[in-house]
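One structure is given here, and the rest of the page talks about it.
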Amino acid sequence: MNDNNDNREQFSSRLGFILAAAGSAVGIGNLVGFPVNAAKSGGGAFLLIYAIFVVVVCLPVMIAELAIGRNTAKGPVGAMGKLSNQSSLWRGAGLIGVITPFMIGVFYTVISVWILGYLVMAATGDLQYLASEGSFDEYTNSNYIFVSMVGVAAIIYFILKLGVKDGIEKASKILMPALFVMLLALVAFVLTLDNASAGVAFYVIPDFDKITPSVINVALSQAFFSLSLGMGILITYGSYLNKKTDIVGAAKMVALADTGVAFTAGLLILPAIFSFNPGVNTDELSNSSVSLIFVLLPKIFLALQDSIGFIGASAIATSFFLLVFFAAITSLVSIIEVPVAYLIDEKKQSRKKALATLAIFGGALTVVCSLSFGMWGAVTEMVNYGGKVNSMFDVIYDLFYDTILPLNGLLVCLFVSYRWKKHNLNQEICEGNDGFEGSFMQKYINFSLSTFIPAILLIILLNTIADKYFATSLMNIFG
Ligand code: PHE
């Protein structure tokens with residue numbers, strides 16, 4: 001039965017929804033995380049595994065999340081509660097689906113704050129500084145981050161206060177096309193650089209030797225995160241979707257846009273690295289995406305001044321950070337909309353009050369998390385596990401991104417298959433998609449969500465726990 005939540009806002013069109021969901025999906029993970037992971041993990045071989053995961057595992061989960069949201073017109077807690085006769089177990093599962101984006105929002109905001117800082121510095125002629133040794137540590141430990149934090153918070157607040165149609169949808173309709181254009185223009189430029197083709201070759205030619213169980217694990221986590229799954233986001237966005245929209249078709253478009261941007265970002269990053277340093281040893285390529293964007297890329301941009309002058313180099317750097325910033329903003333908006341919708345639906349707060357509540361609690365946590373790069377010892381060296389000392393940022397990342405995302409995905413699969421039940425799921429998907437009943441897609445979704453997808457997610461979850469917290473792997477435990 002459908003909820004008669006007449007006042008609930010909806011996306012104004014299918015395209016509006018697709019751009020908003022793609023805005024959520026396309027983020028720092030696509031533009032930076034994906035190319036780095038692909039480079040470290042066998043180039044074309046990683047691409048292949050990633051693409052298979054997107055189609056075989058992620059797409060059904062995405063469709064399930066959208067169907068749960070649209071059917072109930074509620075966020076994760078309300079939706080899972082409603083479809084389970086208010087079982088506290090499933091409401092609890094929904095609650096994890098609200099806490100997760102809240103916490104991921106914290107570390108994502110910290111990175112977005114740095115990106116805004118770098119964007120402003122690149123645009124105001126500070127590229128030389130950004131490329132200098134030690135500037136990243138200096139910047140992240142300076143008071144400038146708080147100025148930038150206010151900037152990011154103001155933008156997010158402004159967009160979310162306007163609501164679903166005038167805020168989220170409109171921002172995505174402007175930022176996403178701008179992002180596509182900037183990305184293509186930057187790729188076209190980078191491909192003209194000397195030695196760029198070596199980067200392209202490295203990126204697309206498969207090296208199957210590099211494929212190990214841990215690479216497979218990385219590919220799935222990356223795909224999950226990139227498509228914004230397991231975070232209640234698509235349940236929440238689904239709750240703003242009208243009954244005429246074909247969920248399967250829309251999900252395919254979102255997955256395609258997200259994967260297309262991730263792939264294209266690789267055509268930007270890898271040729272740039274190879275042209276900067278033709279002898280690059282990709283095994284030593286920056287260990288993390290963070291050091292790639294903030295440490296290596298500014299050096300690459302600055303080196304461009306030999307051929308296009310300092311202004312030209314600064315313009316390229318500025319467009320790059322603007323591109324990443326746009327991607328980060330539309331993702332952040334979606335992450336924060338989940339707890340906002342929770343406070344509105346379940347705690348009966350107004351949108352404005354919900355935003356204020358989150359500004360206080362999320363803001364405080366973000367500030368503390370920003371201090372965990374050296375400014376405050378207690379959070380910089382917070383706990384010891386997995387054989388190393390971890391900062392608060394590391395803890396949030398390991399716990400929510402790496403561990404809880406696959407857990408949430410697993411819960412969604414179990415929920416739709418065994419609690420809400422397949423026939424209800426199918427009935428919801430059929431709205432706006434008459435041909436779904438009896439189709440191959442239907443059989444595939446029903447079978448996969450009740451069998452091998454939860455199994456794969458469980459293995460990934462256990463492996464991550466073994467790896468992160470016990471510095472071992474499932475292979476070592478059972479092997
Ligand atoms: N999918 C986004 C990315 O790839 C990140 C994101 C995570 C967005 C969580 C929303 C929620 O960067």
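The values are calculated or read from the model by the stated rules, or taken from the named source; none is laboratory data. Please read these numbers as outputs of a predicted model, since none were measured by experiment. With ideal geometry, Cβ positions are generated from the backbone for all residues, glycine too; neighbour counts draw on all protein chains shown.
Give the residue, chosen from S319, S307, that is among the polar types (S, T, N, Q), surrounded by fewer than 17 Cβ atoms within 10 Å (Cβ to Cβ) and under 30 Å from A188 (Cβ atoms).
Every option except S307 fails the conditions.
Just to be sure before I move on: is I115 farther than 22 Å from A251 by Cβ, of a type in the set (A, V, I, L, M) and within 15 Å of the ligand (Cβ to nearest atom) in the structure I sent?
When the stated conditions are applied, I115 passes them.
Where residues in region 311-339 are closer than 23 Å to M103 by Cβ and polar (S, T, N, Q), which of them is nearest to the chain's Cα centre (by Cα)?
Among those residues, the one meeting the criterion is S331.
Is it fair to say G151 is on the phi > 0 side of the Ramachandran plot and more than 14 Å from the ligand (Cβ to nearest atom)?
no
For region 91-107, which residues satisfy the criterion of being more than 11 Å from the ligand (Cβ to nearest atom) and of a type in the set (G, A, S)?
G92, A93, G94, G97
Could you go through region 200-218 and let me know if any residue there is farther than 30 Å from M475 by Cβ and surrounded by fewer than 24 Cβ atoms within 10 Å (Cβ to Cβ).
Yes, some residue in region 200-218 is farther than 30 Å from M475 by Cβ and surrounded by fewer than 24 Cβ atoms within 10 Å (Cβ to Cβ).
Considering only residues of region 322-334 that are under 19 Å from V190 (Cβ atoms) and aliphatic (A, V, I, L, M), which is nearest to the ligand (Cβ to nearest atom)?
A327
Spot the failing condition for Y385; the list is (1) in contact (Cβ under 8 Å) with a residue 12 or more places away in the chain; (2) surrounded by 16 or more Cβ atoms within 10 Å (Cβ to Cβ), and only one is missed.
Condition not satisfied by Y385: (2).
Within region 2-44, how many residues are modelled with pLDDT under 95, closer than 18 Å to V261 by Cα and more than 16 Å from the ligand (Cβ to nearest atom)?
Count: 3.
Restricting to region 331-377, name every residue that is hydrophobic (A, V, I, L, M, F, W, C), in a helix (DSSP H, G or I), free of Cβ contacts under 8 Å to residues at least 40 places away in the same chain and more than 19 Å from G75 (Cβ to Cβ).
Of everything in region 331-377, those that are hydrophobic (A, V, I, L, M, F, W, C), in a helix (DSSP H, G or I), free of Cβ contacts under 8 Å to residues at least 40 places away in the same chain and more than 19 Å from G75 (Cβ to Cβ) turn out to be I360, A364, V368, L371.
Of all residues in region 411-444 being polar (S, T, N, Q) and without any contact (Cβ under 8 Å) to a residue 12 or more places away in the chain, which is nearest to E65 (Cα to Cα)?
Result: Q427.
Restrict the check to region 56-75 and report whether at least one residue is farther than 23 Å from I335 by Cβ and within 16 Å of the ligand (Cβ to nearest atom).
Checked against the condition, which is being farther than 23 Å from I335 by Cβ and within 16 Å of the ligand (Cβ to nearest atom), region 56-75 yields no hits at all.
Tally the residues that are in contact with a helix residue (DSSP H, G or I) (Cβ under 9 Å, 6 or more places away or on another chain) and either within 19 Å of D246 (Cβ to Cβ) or not in a helix (DSSP H, G or I) (or both), restricting the search to region 67-88.
The total comes to 12.
Among S370, S350, which is the only one that is under 20 Å from the mean Cα position of the chain (by Cα) and away from the ligand (no atom under 16 Å from the Cβ)?
After ruling out the rest, the residue left standing is S370.
Can you go through A198, A171, A185 and tell me which one is more than 22 Å from G312 (Cβ to Cβ), under 25 Å from the mean Cα position of the chain (by Cα) and of a type outside the set (V, I, T)?
A171
Of the conditions (1) over 19 Å from the mean Cα position of the chain (by Cα); (2) buried (at least 17 other Cβ atoms within 10 Å of the Cβ), M176 fails just one. Which one is it?
For M176, the exception is condition (1).
Against the definition (modelled with pLDDT under 95 and either surrounded by fewer than 24 Cβ atoms within 10 Å (Cβ to Cβ) or closer than 16 Å to T259 by Cβ (or both)), how does V54 come out, yes or no?
So V54 does not fit the description; no.
Would you pick out the residues in region 177-232 that are part of a loop (DSSP other than H, G, I, E, B), within 16 Å of the ligand (Cβ to nearest atom) and aliphatic (A, V, I, L, M)?
L227, L229, M231 - these are the residues of region 177-232 that are part of a loop (DSSP other than H, G, I, E, B), within 16 Å of the ligand (Cβ to nearest atom) and aliphatic (A, V, I, L, M).
Quickly run through region 378-403 and pick out the residues that are outside any helix (DSSP H, G or I) and more than 24 Å from the chain's Cα centre (by Cα).
E381, M382, V383, N384, Y385, G386, G387, K388, V389
Here are the criteria: (1) surrounded by 24 or more Cβ atoms within 10 Å (Cβ to Cβ); (2) modelled with pLDDT of 95 or more; (3) within 26 Å of S197 (Cβ to Cβ). Tell me which single one L234 does not satisfy.
Of everything listed in (1) surrounded by 24 or more Cβ atoms within 10 Å (Cβ to Cβ); (2) modelled with pLDDT of 95 or more; (3) within 26 Å of S197 (Cβ to Cβ), L234 misses just condition (3).
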